[in-house]
1. Net charge near Asn89, counting Lys/Arg +1 and Asp/Glu -1 over other residues with Cβ under 14 Å of its Cβ?
2. Which percent of Cα-Cα pairs in region 215-275 sits in each 5 Å bin, short to long?
3. Treat region 99-159 as a sphere of radius equal to its Kirkwood radius over Cα pairs and apply Stokes-Einstein at 25 °C in a medium of 0.890 mPa s; give the translational diffusion coefficient in µm²/s, rounded to a whole number.
4. Taking the dipole about the Cα centre of the chain, with the C-beta of Lys and Arg at +1 and of Asp and Glu at -1, give me whichever of Phe214, Phe251, Ala27 is farthest to the positive side.
5. For helix 132-145, report the angle its Cα long axis makes with the longest principal axis of the Cα atoms of the chain; keep it between 0 and 90° and round to the nearest 10°.
6. Hey, what angle do you get for helix 170-183 against the long axis of the chain, alpha-carbon based, 0 to 90 degrees rounded to 10?
7. Per-residue HN-Hα couplings for region 216-223, Karplus 6.51 cos²θ - 1.76 cosθ + 1.60 at θ = phi - 60°, whole Hz, x for Gly and Pro?
8. Any idea what the dipole of the chain comes to, in debye rounded to 20, about its Cα centre with Lys/Arg Cβ at +1 and Asp/Glu Cβ at -1?
Amino acid sequence: MVRLKFDIQLNYQIADSASDFIFNIHAAHTAHQAVVNEQLYLSQPVTPVIYTDPTYGTRYFRLNATAGPLTVRYSATVDISHYFESPENLAEVPISQLPSEVLPYIYPSRYCQSDRLGKLATWEFAHFQPGYTRVRAIQDWVRQRTALLPGSSNSNTSATDTLIDQAGVCRDFAHVMIALCRAMNIPTRFVTGINYGAAQKSGSADFHAYVEVFLSSRWYVFDPSGISPPMGLVRIGTGRDAADVSFATVFGAVATFAPVINITAIDDPANGFTLPRDCTEVLSTQPLL
């Protein structure tokens, strides 16, 4: 099991009138991710309205803030238990056998135009063995052909844009992999979170986007950007693409500042906690469907 502690601080300056905010920064409650403790601090005396999606455990909260500065700070400790599987055991599931709740993730979505990438996907990946081998080939293809370049994309950048520009940030890597997998009729979805791996490499943690692919009746984690080992990912939101799980949506005249994020892992084998690491198995943090 992995125990991760993290905190997020978001700072805003609100103009003359009140503004509304919707945040998705809470650690998700799932069968494999337990929130040990958490705390939410708001610099203004406002009461947030919190909603939990019953399917994925994604939590949203909204608030109406007055003019002036606003600081939102969230901290949590989470325990994540991983299911490990050998790559050779993972197969693609025929469309006729997909669970109904998986079906939304085979369709095109705003940022993942899989319907435009059928010929490309077939040309590049049809000859690979179906299952993990094909999905891994798609992940490696995206990683090799896309430069990780901060500031190279924006909120309007789609998978097709990234394929042309050949550069992006983690969300762009995720969108391309999702679009290509869906073009091969492999259900794939978008996940947001915090990653422990980047903090170890660069000393700076950040919000992160990665991918889950449905194979052999379970969702498995892939990180096409290669920034973090899958064991070091905290789940926040789950959706079709970034449009479903933005960490902050702002309504009004508001100046925003870069988030400040810190994360640490507990190294305590005696109590069952190990540091996130790369491994040869494929990981899942979702139950069997």
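Just so it is clear, none of the values below were taken in a lab; they were calculated from the coordinates. What you are looking at is a predicted structure, and each value in this text was computed from that prediction instead of being measured. Counting neighbours? That spans all protein chains shown, and the Cβs are built from the backbone with ideal geometry, glycine included.
1. Its environment carries a net charge of -2.
2. 3, 10, 13, 20, 19, 14, 11, 6, 3, 1, 0
3. Numbers: Rh = 13.7 Å.
The estimated diffusion coefficient comes to 179 µm²/s.
4. The one lying farthest along the dipole's positive direction is Phe251.
5. 60 degrees
6. 40 degrees
7. 3J(HN,Hα) across region 216-223, in whole Hz: 6, 6, 8, 7, 10, 8, 9, 10.
8. Details: 20 positive and 25 negative charges, 40 e Å.
Dipole size: approximately 200 debye.
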